[in-house]
Amino acid sequence: MASLKDEINRRRTFAIISHPDAGKTTLTEKFLLYGGAIAQAGAVKGKKNSRHAVSDWMEIEKQRGISVTSSVMQFQYGGYCINILDTPGHQDFSEDTYRTLMAADSAVMVIDASKGVENQTRKLFKVCVMRHIPIFTFINKMDREARSPFDLVEQIESELGIQTYPVNWPIGCGKEFKGVYDREKKHIISFENEDETAFGKHKAAATEVELGDPSLDELIGAELHSTLSDDIELLDGASYDFDIDKVRHGELSPVFFGSALTNFGVEPFLERFLEMTTSPTARMSSEGLIDPFSEDFSAFVFKIQANMNKAHRDRITFLRVCSGKFDKEMDVLHVQGNKKMRLSQPQQIMAQEREIIDEAYAGDIIGVFDPGIFAIGDTICSPKRKFEFEPIPTFAPEHFMRVRQKDTLKRKQFEKGTAQIAQEGAIQIFKEPDTGLEEVIVGVVGVLQLEVFEYRMKNEYNCELFKEGLSYSYIRWIDNKDIDVKKLKLSSDTKVVQDFKGNFLLLFTSEWNIRWALEKNEGLELSEFNRGALQ
Ligand code: G4P
């Protein structure tokens, strides 16, 4: 029987991030096919076709339900036990997307080779950098016309501020795409685009060659051969050296080129990625670093999924197991509630199905039935050893609305609803200093959350809202302690607000105004994340 150490050692838990349409779903699906977790292509795709009516909560939930099922997937490959965390994009983009990255030990960034780094990738990337987790880059769609590979790696380096190490290098692109050259193994993996479904074919197609060997003229053509030789010479001379330590600290991103749709370069990528990335890493807590291999179970809450059925207020809470082994019969301590309990209906999501599980190990993600007691960031641990994990940061919302209840007699419902929905992490609430609670500013990361909030207030809390859209797009926490906000010099369209812990924040209409505030107020420190106790 595998020991606790072996079980944890073979776990790899990573998030997959990309701008919508770069190919994240396609790549995930190919991983699952290799792992035997799904039997055919198209199984993960369902979500894209189910466009929802935005104001229909049941529909939204249905949509979210699907994205939950496909949002944490576990499969086995080559002796590894792999947990993939999907990061919802499109309209589903929300604070959940950021928080998912807090549960991962590394990230795979999928980039469309014709587009390069796009906006959404940039935002998610910042969170990875903040956590210093390893970041692997898969440059996708090489079977289409692509930008120069040098431009692409240059852009990753300059825009994301990370060094790169191309593990392989493309030979042509689009109709001229011949495959990739593996810089370490010094072989060519040829691309033959006749049969998209032939699994493993490309792996078998590796050809050992010396660059400059005349046989290569035949394989890829004289012109591409010459370009490849020049490119590799340039790369060997000018690019960063491979350094596994830098990879593990998120300072150097190994870059792979391929085409997920045609299943080219996916398995070599998966294999190298699994070797280079880490097993579950230690997490910081009130008691210092928690060793994942420790016997004692611990986990934290990173996501709460409200129930679609109004008659049942229960929710599913997602936990990232951080140390030891979870057993469904065991007593655990919910630290923030200071309560001993058994976790109810622990489940794991295996590709498309939910399964009640008996055990889980550090690195795994489990969902538990939650009658409304957990909040984002809560710690659950063995009663033998009580501590709290570092809080999950709060991320800057980008859409804001001022709201109050239509019926003044419904004040209680209003307060309860806003507080509970905020506790689930779907919205953030702010107030203007010196005003009462009957009017709050709601901030969200993704615009859909505003509609979900309004719908739920009406349907679950019987509270209709007066709302006023606000034109702010940026919010920053003021990091300076003991600052007198009244003395700040701010442009007339900048607003001071407070979160419910009393922290002061500034709402801005443009990035220009943020710069202006920083220039006019020497020593002012603003931050896009509120790191709670990290500060
Ligand atoms: P996402 O999850 O990142 O949003 O992207 P997704 O995998 O859904 O891919 C977006 C589109 O790009 C899909 O086409 C998909 O088939 C295509 N695609 C993904 N990888 C590659 C690739 O390596 N090469 C090429 N040529 N296309 C790729 P679609 O037409 O929008 O969807 P579908 O009708 O194929 O499902």
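The values are calculated or read from the model by the stated rules, or taken from the named source; none is laboratory data. Everything quoted here is computed from the prediction, not taken from an experiment. Cβ placement follows ideal geometry from the backbone for every residue including glycine, while neighbour counts extend to all protein chains displayed. Heavy atoms of the whole protein, side chains included, go into the accessibility calculation; ligands, DNA and RNA do not. Shrake-Rupley method; radii C 1.70, N 1.55, O 1.52, S 1.80 Å.
Quick notes
Let's see how each residue does on (1) modelled with pLDDT under 55; (2) among the aliphatic types (A, V, I, L, M); (3) within 14 Å of the ligand (Cβ to nearest atom); (4) in the same structural domain as HIS132 (by TED's automatic domain parsing):
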{"residue": "GLY23", "(1), (2), (3), (4)": "no, no, yes, yes"}
{"residue": "LYS30", "(1), (2), (3), (4)": "no, no, yes, yes"}
{"residue": "HIS52", "(1), (2), (3), (4)": "yes, no, no, yes"}
{"residue": "TRP57", "(1), (2), (3), (4)": "yes, no, no, yes"}
{"residue": "LYS62", "(1), (2), (3), (4)": "yes, no, no, yes"}
{"residue": "THR69", "(1), (2), (3), (4)": "yes, no, no, yes"}
{"residue": "GLY79", "(1), (2), (3), (4)": "no, no, no, yes"}
{"residue": "ASP105", "(1), (2), (3), (4)": "no, no, no, yes"}
{"residue": "SER114", "(1), (2), (3), (4)": "no, no, yes, yes"}
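- Filter result (open to solvent by 40 Å² or more (accessible area, probe 1.4 Å) and assigned to a helix (DSSP H, G or I)) within the stretch 504-520: GLU511, TRP512, ARG515, TRP516, LEU518, GLU519, LYS520
- Subset of the stretch 244-292 that is among the hydroxyl-bearing types (Ser, Thr, Tyr) and open to solvent by less than 60 Å² (accessible area, probe 1.4 Å) - its residue that is farthest from ARG385 (Cα to Cα): THR262
- Check on TYR474, surrounded by 16 or more Cβ atoms within 10 Å (Cβ to Cβ), modelled with pLDDT of 85 or more and closer than 27 Å to PHE529 by Cβ: yes
- For ILE441, the conditions (1) β-branched (Val, Ile, Thr); (2) at pLDDT 85 or above; (3) touching a helix residue (DSSP H, G or I) at 6+ places or on another chain (Cβ under 9 Å) are fulfilled apart from (3).
- Any hit, the stretch 489-503, residues being of a type in the set (Gly, Ala, Ser), assigned by TED's automatic domain parsing to the domain that holds ARG411, at pLDDT 90 or above and not in a helix (DSSP H, G or I): yes
- Subset of the stretch 446-463 [in contact with a strand residue (DSSP E or B) (Cβ under 7 Å, 6 or more places away or on another chain) and either of a type in the set (Ser, Thr, Tyr) or open to solvent by less than 70 Å² (accessible area, probe 1.4 Å) (or both)]: LEU450, PHE453, GLU454, MET457, CYS463
- Residues located in the stretch 477-487, provided they are surrounded by fewer than 17 Cβ atoms within 10 Å (Cβ to Cβ) and in contact (Cβ under 8 Å) with a residue 24 or more places away in the chain: ASP479, ASN480, ILE483, VAL485
- Considering each residue of the stretch 147-158 in turn, none proves to be in the same structural domain as ARG272 (by TED's automatic domain parsing), within 10 Å of the ligand (Cβ to nearest atom) and in contact (Cβ under 8 Å) with a residue 24 or more places away in the chain.
- Test: PHE466 is loosely packed, with under 14 Cβ neighbours inside 10 Å, in contact (Cβ under 8 Å) with a residue 12 or more places away in the chain and among the hydrophobic types (A, V, I, L, M, F, W, C): yes
- Condition met for SER253 (among the hydroxyl-bearing types (Ser, Thr, Tyr) and without any contact (Cβ under 8 Å) to a residue 60 or more places away in the chain): no
- Enumeration of residues in the stretch 251-275 that are within 16 Å of the ligand (Cβ to nearest atom) and assigned to a helix (DSSP H, G or I): VAL266, GLU267, PRO268, PHE269, LEU270
- Listed by position, the strands (runs of 3 or more DSSP E) inside the stretch 331-420 whose residues that are at pLDDT below 90 and not hydrophobic (A, V, I, L, M, F, W, C) number at least 3 are 344-350, 353-356.
- Restricting GLU118, GLU95 to those that are among the charged types (D, E, K, R), touching a residue at least 12 places away in the same chain (Cβ under 8 Å) and within 30 Å of THR227 (Cβ to Cβ) reduces the list to GLU118.
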